[in-house]
Amino acid sequence: MYGIQNFELFCLSAIVLSVTPGPDTFYILGRTISQGTKSGYASVLGISTGVLVHTIAAAIGLSTILATSAMVFKIIKLIGAAYLIYLGITLIFASKHTDVLSKNNLPEISFWKIYSQGVLTNVLNPKVALFFLSFLPQFIDANQGNVASFSFLGLVYVFICTLWYLIFAGFSSGIAMAFKKNPLWIRTINKISGSIFIALGLNLAFSNTD
């Protein structure tokens, strides 16, 4: 379909990435706890918009590279596989102590300002751009991929991410208390997620050498 490969694996990876605690997770958590669920939803929409911007940029850029040189595209896929392994290692050795409620006392601001902050948090983060440039090519056939294939995967990722964050925002208070009582949960999630990303990166690296 549209030159897409291993779509099921892509969806699984997107789910793992979405549920892995990170800056976006704690931004949503902090806003929800400090100003209520509505503010949490505003931050979710902002973050999702920022992710969508990166998706569009990556789709256009990567499809242009693919049209120019399939070999360069395969090299990017190998670099991307290495980056996924790096992400996995980083997650496994992440700090043992994460202050879940450190943003609990954020100053109150308007719905639209929270939304804008969420957008900028992602759009101006080069790590997000790097991730999309590394992640999306892993599931595209270099001989068939085009803007539509990149865009489709990106939209699926945005949908999964947004759905999870909306659920997360709705249950943030309970989740925050659970993490506070059992901080080891975050580290456990990081280790599991990190291991999955390392396995994914290795699998993709070897498959790309065929």
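At a glance:
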| quantity | calculated |
| --- | --- |
| Selected residue (criterion: surrounded by the fewest Cβ atoms within 10 Å (Cβ to Cβ)) from residues of region 1-23 that are at pLDDT below 80 and not hydroxyl-bearing (Ser, Thr, Tyr) | Met1 |
| Selection from region 1-35 of residues that are assigned to a helix (DSSP H, G or I) and of a type in the set (Phe, Trp, Tyr) | Phe7, Phe10, Phe26, Tyr27 |
| Test result for Ala169, touching a Phe, Trp or Tyr at 6+ places or on another chain (Cβ under 7 Å), modelled with pLDDT under 75 and buried (at least 17 other Cβ atoms within 10 Å of the Cβ) | no |
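The values are calculated or read from the model by the stated rules, or taken from the named source; none is laboratory data. Everything numeric here is computed off the predicted structure, so don't read it as measured data. Using ideal geometry, Cβ is built from the backbone for each residue, glycine included, and neighbour counts are taken over all protein chains shown.
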